[in-house]
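Written below as structure tokens is the structure these notes are about.
The values are calculated or read from the model by the stated rules, or taken from the named source; none is laboratory data. In this text, all values refer to a predicted model and were calculated from it rather than measured experimentally. Don't worry about glycine lacking a Cβ; one is built from the backbone with ideal geometry, like all the others, and counts go over all protein chains shown.
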Amino acid sequence: MRLYLAKLVRKYRAGRPQFSSKLDQLLKTSQIRASGPSVMRRAPATSEAVTLLPQDQDSRQSLVRVFDDRDGLAAPILPAALAKQIDDIVSERKERAKLAAHGIRPTRSAILVGPPGVGKTLSARYIATQINKPLWVLDLTTVMSSLLGKTGNNLRLVFESAKQNEAVLLLDEVDSIAKRRSDDSDVGELKRLVTAILQEVDNWPDSGLLLAATNHPELIDPALWRRFDAILRFDVSDREGVALAIGRFLDRDAQQFGPWINLMASSLMGQSLSDVERAILTMRRNALIHQIPPARLAVDLAIRHAGELDKNARRDLAISLAKEGAMSHNQISELTGVARDTLRKYAGPSPLKGRGHKKE
Ligand SMILES: Nc1ncnc2c1ncn2[C@@H]1O[C@H](COP(=O)(O)OP(=O)(O)O)[C@@H](O)[C@H]1O
Ligand SMILES: [Mg+2]
């Protein structure tokens, strides 16, 4: 069987590289699990991945979630410095042989830090895609919720399997396990788990990549923190990033909403791109189903979010609104608390002079 697969891998390498690499993966899995159940229950004619994933021994549930975006995933929208850090990790992979010739190891591990919804998981997926590997995500909150005693075994299983498959492994919400060692009743067991992860980070092979993500860097054991080769710091996007993201999330509606993108970016400043995505999708649904004009949706969005903005962002939003001429300066000022003088200074005279003074 293995020979047959190997032959197929070679046969398809040139014509259908994706299929070939999936087969190749399959072959590797079957090598580690040679004594286990056959991985070849399906004919290899489908291009679906048939990798045997590490499972919980009792429940038979897969311990990891697999992302395979190798058919294309747009780069996450990130500040230049962070994007470069990510690109460097990718290039190091591609130039592994060159580095090795000089006795230099590539970055083997990285921890992704930042608030929820800013693209940590997405970036891990992107990195995996760029180095032509699937991403395995081990969500530690889920693993931890199973019996603590079992967690150790499950962890070991995932680590071994990921190394054998040369998958990119993401330990998501790593803080849920890597709590400071002074924690509650299961101190001993937690300590052993942290130690196990420490050792994996230290010994991860050059052929793989071990990523971890956390929203709570303060909970990470300092000893673990130090072990990672790279620290990638994520944060909410600046206005430019939000505007870019809005353009992307608007997709085929981008043209229709084009004139309002800057206004929407001002309104959604400070939110994660995950929240921005949700707001934009809601808006697109409303535009389509209720036939609400983009201008009104954009202004509604602005009004809804005005209260969440800090002083500078509110001023930006007020000026954008004034420039759009959708409301009088008076109305904008009431909504945002920004002085009418400021609006006049940056956006010229109120388009609806006089009328705006009346309360509706
Ligand atoms: N930087 C980003 N660039 C593009 N899309 C993003 C970005 N951050 C978040 N998103 C959108 O929000 C979704 C959730 O983001 P995710 O990567 O899961 O956040 P995190 O892991 O930081 O909590 C992504 O799948 C994507 O659609
Ligand atoms: Mg995530």
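Quick notes
- Scanning region 252-278 for residues that are surrounded by fewer than 22 Cβ atoms within 10 Å (Cβ to Cβ), modelled with pLDDT of 95 or more and either part of a helix (DSSP H, G or I) or away from ligand 2 (no atom under 16 Å from the Cβ) (or both) gives Ser274, Asp275, Glu277, Arg278.
- Lone qualifier among Lys163, Lys84, Lys94 - being more than 14 Å from Ser207 (Cα to Cα), in the same structural domain as Asp202 (by TED's automatic domain parsing) and charged (D, E, K, R): Lys84
- Some residue of region 194-208 being within 16 Å of ligand 2 (Cβ to nearest atom) and in a helix (DSSP H, G or I): no
- Hey, Ile292 at pLDDT 80 or above and either part of a helix (DSSP H, G or I) or over 20 Å from Leu250 (Cα atoms) (or both) or not: no
- Taking the conditions (1) in contact (Cβ under 8 Å) with a residue 12 or more places away in the chain; (2) outside the structural domain of Val64 (by TED's automatic domain parsing); (3) within 16 Å of ligand 1 (Cβ to nearest atom) in turn, Arg278 satisfies each one other than (1).
Listed here are the residues, each with its yes/no results for (1) in a loop (DSSP other than H, G, I, E, B); (2) in contact with a Phe, Trp or Tyr (Cβ under 8 Å, 6 or more places away or on another chain); (3) within 18 Å of Ser207 (Cβ to Cβ); (4) at pLDDT below 95.
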{"residue": "Gly72", "(1), (2), (3), (4)": "yes, no, no, yes"}
{"residue": "Ile77", "(1), (2), (3), (4)": "yes, no, no, no"}
{"residue": "Val90", "(1), (2), (3), (4)": "no, no, yes, no"}
{"residue": "Ala100", "(1), (2), (3), (4)": "no, no, yes, yes"}
{"residue": "Gly103", "(1), (2), (3), (4)": "yes, no, yes, yes"}
{"residue": "Ile111", "(1), (2), (3), (4)": "no, yes, no, no"}
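- Filtering region 220-238 to residues that are within 16 Å of ligand 1 (Cβ to nearest atom) and surrounded by fewer than 16 Cβ atoms within 10 Å (Cβ to Cβ) leaves Ile231, Arg233, Asp235, Asp238.
- Residues that are within 16 Å of ligand 2 (Cβ to nearest atom) and in a loop (DSSP other than H, G, I, E, B) within region 113-131 comprise Gly114, Pro115, Pro116, Gly117, Val118, Gly119, listed in sequence order.
- Any hit, region 308-323, residues being part of a helix (DSSP H, G or I), at pLDDT 85 or above, buried (at least 19 other Cβ atoms within 10 Å of the Cβ) and charged (D, E, K, R): yes
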